[in-house]
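The structure under discussion appears below in the form of structure tokens.
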Amino acid sequence: MRARHGAYYRQLAGQAHHGLRGAAGQIWRDRLVTESGNLRAALDWYIATGDADAALSLTSGMAWLWFINGDFTEGARWLGDALGAEGPRRPEVEAAARVWRGYCVGMSTDPAAGVIDCEEAVAVLRTSDDRGRLAESLVVYATVLGFGHHFDRSLEALGEARDLLAQAGDGWLLAAHDLIVAWNLLSLGRLEDAEPFARSSLARFDAADEVLVVVSPLNALASIAEARGDLEAAAAAYEALVQRCRATGQPIQVPFSLVALAALRARQGDDAAADGLYAEAIGCSFNTWVTADALVGQAAVARRLGDLTRTRALLDAAAGHYRLIELPAGPPRVLASLAWWALAAGQLHDAAGFAADAVEEALASGDPATQLLAETAVAAVKAIADPTRVHVEGFLALAQRRARGPAYRSLIDEPDVAALAARLG
């Protein structure tokens, strides 16, 4: 009886691997969620009987569920349990599961560890004859690399994947490929290059009748509009995204879109609206790093609204969340925000210390947006604490360089930069 039960749910997971993509994605997602108890029971039975190959096949078969739902912690737990099972296993099956575990770990708690897991597994798959698993794993690996701010390495992995996907004619995975390319290029500030890939991803997903993941290229296009300075168009796009995500039951995308919309409202000068949107994002997010980013954004809003006690509490909470996930860009974001908080509190010495620490941490992160955030905090402290001509002109030059350079959505200090530039100018 247990053997038949296990075989049935192993087969179900295998069918779900493709069923989760395209027109039937929502049906398959709901079915797997409903059957999660039975799937877990089958996995536990395979682990108990020493059938590692079956355990790994079952978990990697349903891995797109965690990609769609964003429940990375749960995915890491299931895949970790399967990888720890005893018994013989095919190298390519183990490698595929290891890539997915690296993805779930990298997107939830430890990007660096996730990159290492994915890199080792991809190396194994390159020696196998399974080109399909290799192509999919390269796309997953590239996603983790991008999240860890290794944008050029991510684009290299995607270039390797594209050749394989084009040969196979896999339109859905090509859409996912184009999506990750677009986000990498957007993160590098290459807006003109990013937009065609975002639109190609949208077209490919539409051709595959994709219902769930299609919101991601829409999010990318909204980000591009914001980066170009078309704030009204971007706001309308984010609001539409939130509505679409809620209508199709996509919990991972709702907080993303709410955080983006909150930052946009803050840039438009509506801190009260931004405060409410950040609170809503924090309330519905179950991804630690999204929550931390929202807390940093809300702290900036609270500071501009004059509540410095609440500002510090929010930043302390964000720092705690970032420590849990070891995200390199997290600590410098908090430190730069603490510099602005100390300036608002008249604590100029502390502000200088926070800003200097932010620069040091930002350099280690390798993220250009975070480095710019930290450099701006240092320039702001100098211009306010010692408003000599050199310091004032240095800050104004940086503000002008930011206005002419790439627009990063993570720069939550833009209202402060604009206000200080106007005051000094």
Residues of the range 385-413 being part of a helix (DSSP H, G or I) and surrounded by fewer than 19 Cβ atoms within 10 Å (Cβ to Cβ), which ones?
ALA385, ARG389, VAL390, HIS391, GLU393, GLY394, LEU396, ALA397, GLN400, ARG401, ALA403, ARG404
Can you go through ALA379, ALA369 and tell me which one is touching a Gly at 6+ places or on another chain (Cβ under 7 Å) and at negative phi?
ALA379
Looking only at the range 174-190, decide whether some residue is within 16 Å of TRP100 (Cα to Cα) and in contact with a Phe, Trp or Tyr (Cβ under 7 Å, 6 or more places away or on another chain).
no
Failed criterion for THR73 (all others in (1) farther than 23 Å from ARG323 by Cα; (2) at pLDDT below 95 hold)
(1)
Look through ALA235, ALA194, ALA208, ALA203 and report the one residue that is of a type in the set (Gly, Ala, Ser) and in contact with a Phe, Trp or Tyr (Cβ under 6 Å, 6 or more places away or on another chain).
ALA208
Find the residue count for the range 228-266, including only residues that are touching a residue at least 60 places away in the same chain (Cβ under 8 Å), more than 14 Å from the chain's Cα centre (by Cα), within 27 Å of LEU173 (Cα to Cα) and surrounded by fewer than 23 Cβ atoms within 10 Å (Cβ to Cβ).
2
Exactly one of PRO251, PRO255 is closer than 23 Å to LEU65 by Cβ and not in a helix (DSSP H, G or I), and that residue is PRO251
Matching residues in the range 286-302 - criterion: being closer than 12 Å to LEU314 by Cβ and either without any contact (Cβ under 8 Å) to a residue 40 or more places away in the chain or surrounded by fewer than 24 Cβ atoms within 10 Å (Cβ to Cβ) (or both):
THR291, ALA292, ALA294, LEU295, GLN298, VAL301, ALA302
Quick check on the range 113-125. Is at least one of its residues in contact (Cβ under 8 Å) with a residue 12 or more places away in the chain and at positive phi?
no
For the range 1-30, pairs from a residue that is under 20 Å from ALA176 (Cβ atoms) and surrounded by 15 or more Cβ atoms within 10 Å (Cβ to Cβ) to a residue that is hydroxyl-bearing (Ser, Thr, Tyr) and at pLDDT below 90, with Cβ under 7 Å and 6 or more apart or across chains, are GLN26/THR248
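The values are calculated or read from the model by the stated rules, or taken from the named source; none is laboratory data. Note that the coordinates shown come from a computational prediction; the quantities given were computed from them, not determined experimentally. Every residue, glycine as well, gets a Cβ built from its backbone with ideal geometry; the counts of neighbours run over all protein chains shown.
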